[in-house]
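The structure's right below; bear with me while I get my questions together.
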Amino acid sequence: MPEPGVSRGPRPSGWPLPDDSGRDAGRWDPGGVCRRQRGRRRRRHLRLEDHVVDEFRAQHGKNAFDLPNDDPLWLQFRADYVTQFLRELGSKIKAAFPTVQFTTTIIAAEPDQYLKVLQDWPAWIEQGFLDEFYLWFRTNSDLAALERQTTQAADTIKGRVPLIVELSCYHPGSFQEPDLMLEAARRARANGADVVGVYRKHAVEQLDFWPVLEAIGKL
């Protein structure tokens, strides 16, 4: 990886960070920023750009088109671009709003699963460009998995940024029973979460989870 703030060299528009990304940040007065890419533009960004394939070949002597999509070197190479993208985006946002919290959310998984979706999040922590880290239990309400994955995250973060465990009561398979939700919050806190959040408001209302949230707030 290049040093923070150093680009890899000539890049096609949109990979990993277009020159105009963040240009509108100065127009806002946000409490935080979330970047999303959808539709055709997103598909265009995810294709194999010539620059990316050529650089991979130069570094590793391999043709990306000849490798399976889960080849470890190819996964890490692409994950490094995601890391660079986030670092550069965070730098632009902080330049416009130094006090804004730059936050990322990932869906909780086992340690060997994150790189498969190009989320080398331990590198994000190590490079120090995040202010908070959300670990989202979205469709999994297994308490043993929650304990294990929260501990793994806490052990990696080591207090460098707040670890916020987000518990869904909205998605299929999520924490939709009051006692289960409260126990999940207890275990998250016991295994290293600094804060526990609940997703999302209208599901809380439908399930009448306000007393549960009040109990979580007292943990």
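The values are calculated or read from the model by the stated rules, or taken from the named source; none is laboratory data. Bear in mind the structure is a predicted one, so any value in this text is a computation, not a measurement. Cβ coordinates were reconstructed from backbone atoms using ideal geometry, including for glycine residues, and neighbour counts include every protein chain displayed.
Please go through the range 115-137 and give me each residue that is within 30 Å of Asp179 (Cβ to Cβ) and either surrounded by 17 or more Cβ atoms within 10 Å (Cβ to Cβ) or of a type in the set (A, V, I, L, M) (or both), ordered by number.
Selection gives Phe133, Tyr134, Leu135, Trp136, Phe137.
Output the residue which, of all residues in the range 157-179 that are under 16 Å from Ala190 (Cα atoms) and β-branched (Val, Ile, Thr), is surrounded by the fewest Cβ atoms within 10 Å (Cβ to Cβ).
Taking the range 157-179 as the starting set, the residues that turn out to be under 16 Å from Ala190 (Cα atoms) are 157-159, 162-167.
Now narrow it down to the ones that are β-branched (Val, Ile, Thr): 157, 164-165.
On the way: Ile157: 20, Ile164: 18, Val165: 28.
Once the filter is applied, the top-ranked residue is Ile164.
Is it the case that Ile107 is of a type in the set (Val, Ile, Thr) and modelled with pLDDT of 95 or more?
Numbers: of a type in the set (Val, Ile, Thr): yes; modelled with pLDDT of 95 or more: yes.
Against the criterion (of a type in the set (Val, Ile, Thr) and modelled with pLDDT of 95 or more), Ile107 qualifies.
Would you check if there is a residue in the range 187-202 being more than 20 Å from the chain's Cα centre (by Cα), surrounded by fewer than 21 Cβ atoms within 10 Å (Cβ to Cβ), under 28 Å from Glu126 (Cβ atoms) and among the aliphatic types (A, V, I, L, M)?
Yes: one or more hits.
For the range 46-90, how many residues meet the condition of being polar (S, T, N, Q) and either more than 16 Å from Tyr114 (Cβ to Cβ) or in contact with a Lys or Arg (Cβ under 8 Å, 6 or more places away or on another chain) (or both)?
Residues of the range 46-90 that are polar (S, T, N, Q), as a first pass: 59, 63, 69, 76, 83-84.
This time we only want the ones that are either more than 16 Å from Tyr114 (Cβ to Cβ) or in contact with a Lys or Arg (Cβ under 8 Å, 6 or more places away or on another chain) (or both), so: 59, 63, 84.
Number satisfying all stated conditions: 3.
Filter the range 203-219 for residues that are buried (at least 19 other Cβ atoms within 10 Å of the Cβ) and aromatic (Phe, Trp, Tyr) and give the result. Steps first, please.
Restricting attention to the range 203-219, the residues satisfying the condition of being buried (at least 19 other Cβ atoms within 10 Å of the Cβ) are 209, 212, 216.
Residue satisfying the conditions is Phe209 alone.
Checking Phe133 against (1) touching a helix residue (DSSP H, G or I) at 6+ places or on another chain (Cβ under 8 Å); (2) farther than 16 Å from Lys158 by Cα, only one condition comes out false. Which one?
Here Phe133 meets the rest and fails (2).
Related question: Exactly one condition in (1) at pLDDT below 95; (2) closer than 19 Å to Val161 by Cβ is false for Lys92; which is it?
Lys92 satisfies every listed condition except (2).
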